[in-house]
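These notes are about the structure you will find just below.
The values are calculated or read from the model by the stated rules, or taken from the named source; none is laboratory data. Treat the numbers as computed from the prediction; the structure is a model and nothing was measured. Cβ placement follows ideal geometry from the backbone for every residue including glycine, while neighbour counts extend to all protein chains displayed.
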Amino acid sequence: MSVARFMQLCLSHPEHGYYLTRDPLGAAGDFITAPEISQMFGEMIGIWVAEVAARIGPFALVELGPGRGTLMADVLRVTKRLGHSPEVWFVETSPTLRAAQAVNVPQATWANNLAEVPDGPMILLANEFFDALPVRQFLRAGDGWRERVVGVDNNGLSWGLSAALPGRDAAIEGAWREQSPAAETVLDEIARRLATTASATLVIDYGYTRLDRPSGPTVQAMRAHAPADPLSGPGHCDLTWLLDFDAMAQALPGAAVTNQGAFLARMGIGTRAAQLAEARPKEVDALADALERLTAPDQMGHLFKVLGAASPGLGPLPGIGD
Ligand code: SAH
């Protein structure tokens, strides 16, 4: 089967799928995400949402793959203080995580995919959502492109390559390409909404641009906070890939990309950290540590990218591309 089919089964199988059988976040889980590191992450996004909302008028706040709902709870605390009370929509397929989200954001409405969310002005957020969607991988080998597949041999699961696919191009031997039809479907739906109603989107994820593009395939597995073999324990590890932010920006007209460290700095995370440290002297070290993890180039500051896109005429977006 293709790597995309393998990922889809591992992550989303109704009975055995990784996301459907557990809450993977936090110390007892397999990985930790920016909103779970510190409230400061969501607060900076709350400021972003409020600034953009001032240009849009009444809007729905939509989040794709909200995890435990931590990011949304932090965002709503800030937007409320700044005078906004949007309707909240969560796009989430996992019943376990929907239950956690309902505790943190009881007023939310749930949908299984973005197409189910009613049309209208929206601000859409997605943190570490796209990297969980299935991706196809292709290697330029010998007489053309071959798709990477997962099969079974005497020792269990193993990687393989399909027969050469029709069509040749100028790519060099050994080049890799990744393509996610599932991600493209969501991006097309976002682009349609940006083109039709005053809306904006903020996508944050692991990924690269032409400046730091990796040369090999990017699918990786995480289990208990350590890298794992993606073929070990299907349904028991998180599987992700690195997003091509240049390709994403092409799918969303007018999009701009920066890295997470620069974005958070421009939104004022340094000032917020100092403020919190003054109010909670016992947490000074923990706050400094969280700030470092979220922004330092050798931690999440560089590998995580932020893409902003908006309907035509909404102007440059705060924190991005200025
Ligand atoms: N944004 C959260 C969680 C990231 S984990 C955070 O930053 O902490 C990925 C999230 O996407 C989980 O909530 C998972 O259940 C959800 N998810 C994965 N595939 C999905 C799909 N196809 N449709 C909707 N949600 C999905």
Practice problem: Evaluate segment 249-265: report whether one residue or more is within 27 Å of F6 (Cβ to Cβ), in contact with a strand residue (DSSP E or B) (Cβ under 6 Å, 6 or more places away or on another chain) and of a type in the set (A, V, I, L, M, F, W, C). | Solution: no
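Need at least 2 residues that are crowded, with 21+ Cβ neighbours inside 10 Å and of a type in the set (V, I, T) per element, so show me which strands (runs of 3 or more DSSP E) inside segment 192-250 make the cut, counting only ones lying wholly within it. So that I can check it myself, show each step before the final result.
Details: elements: 200-208, 220-223, 226-228, 238-240.
The qualifying strands (runs of 3 or more DSSP E) are 200-208.
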Exercise. Among the candidates G315, G308, G261, G319, single out the residue that is buried (at least 19 other Cβ atoms within 10 Å of the Cβ), assigned to a loop (DSSP other than H, G, I, E, B) and not charged (D, E, K, R).
Key: G319
Practice problem: Could you please give the count of residues in segment 40-83 that are more than 14 Å from L125 (Cβ to Cβ) and free of Cβ contacts under 8 Å to residues at least 40 places away in the same chain? | Solution: 6
Practice problem: All but one of (1) within 12 Å of the ligand (Cβ to nearest atom); (2) hydrophobic (A, V, I, L, M, F, W, C); (3) in a helix (DSSP H, G or I) hold for I47, so report the exception by its number. | Solution: (1)
Quiz item: For segment 54-85, which residues satisfy the criterion of being farther than 16 Å from L202 by Cβ, more than 12 Å from the ligand (Cβ to nearest atom) and assigned to a helix (DSSP H, G or I)?
Solution: R77, K80, R81
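Among the residues that make up segment 151-160, is at least one of them closer than 30 Å to K80 by Cβ and either modelled with pLDDT of 95 or more or surrounded by 13 or more Cβ atoms within 10 Å (Cβ to Cβ) (or both)? Break it down into steps so the answer makes sense when it comes.
We begin by selecting, within segment 151-160, every residue closer than 30 Å to K80 by Cβ; these are none.
No.
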Quiz prompt | Sole exception among (1) in contact with a Leu (Cβ under 9 Å, 6 or more places away or on another chain); (2) free of Cβ contacts under 8 Å to residues at least 12 places away in the same chain for K282, by number | solution = (1)
Quiz item: What do you reckon, is A221 of a type in the set (A, V, I, L, M) and in contact with a Ser or Thr (Cβ under 8 Å, 6 or more places away or on another chain)?
Solution: yes
Self-check item: Selection within segment 23-42 - assigned to a helix (DSSP H, G or I) and more than 17 Å from the chain's Cα centre (by Cα)
Solution: Q39, M40
